[in-house]
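A short worksheet on the structure shown next.
The values are calculated or read from the model by the stated rules, or taken from the named source; none is laboratory data. It should be emphasised that the depicted structure is a prediction, and the values quoted were computed from it without experimental measurement. Cβ placement follows ideal geometry from the backbone for every residue including glycine, while neighbour counts extend to all protein chains displayed.
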Amino acid sequence: MRNNNKKIVIRCTDKEKESLLRTKIQLKARTWLELVEKLRHKKKIEAPKIIIQDSVYLFEILTQLKRCGNTLNQITRTSNRSKTITESETIQLKKLAIQISSLKSKVLKTFVINGKK
C-alpha cells in the first residue's frame with residue numbers, strides 16, 4: 001500500500017516548463033518528487049546551462065572580454081610608466097580586471113557548445 005497518494009499540480013508557462021525540465025535533467029532527477037527533494041537540500045542552485053548551436057557566438061563574447069582585459073592592461077601599464085595614476089585609480093582598475101575575469105568565467109560556465117568543438 002502506497003503512502004504517497006497526495007497530488008500537487010503546478011501551473012506554468014511553456015518556457016517555465018522547459019526550464020524545469022532542463023533543471024531535472026541537469027540534477028539527474030528521475031521523478032519530479034526527486035527533483036524537489038534535491039532542490040530542497042541543495043544550498044546553491046545553479047542555472048541550467050544554455051546550449052549554443054553555433055560556437056561563433058560564444059567565441060565572439062570571449063574575444064570581446066579578452067579585448068577589454070587587454071585594453072585595461074594597456075591603460076594600467078601606460079599610467080604606471082608615466083606615474084599619472086593615483087592609488088584610488090589603481091584600485092578601480094584592479095576591480096575592473098577582477099570583474100572582467102569573473103564575467104569570462106561565468107560565460108564559460110553558463111554556455112555549452114552543442115556540436116563541433
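Of the residues making up the range 38-80, those that are at pLDDT below 70 and of a type in the set (V, I, T) are I45, I50, I51, I52.
Within the range 16-34, the residues that satisfy the criterion of being loosely packed, with under 14 Cβ neighbours inside 10 Å and more than 19 Å from the chain's Cα centre (by Cα) are K17, K28, R30, T31, W32, L33, E34. In the condition set (1) at pLDDT below 80; (2) over 25 Å from L58 (Cα atoms), F111 is compliant with all but (2).
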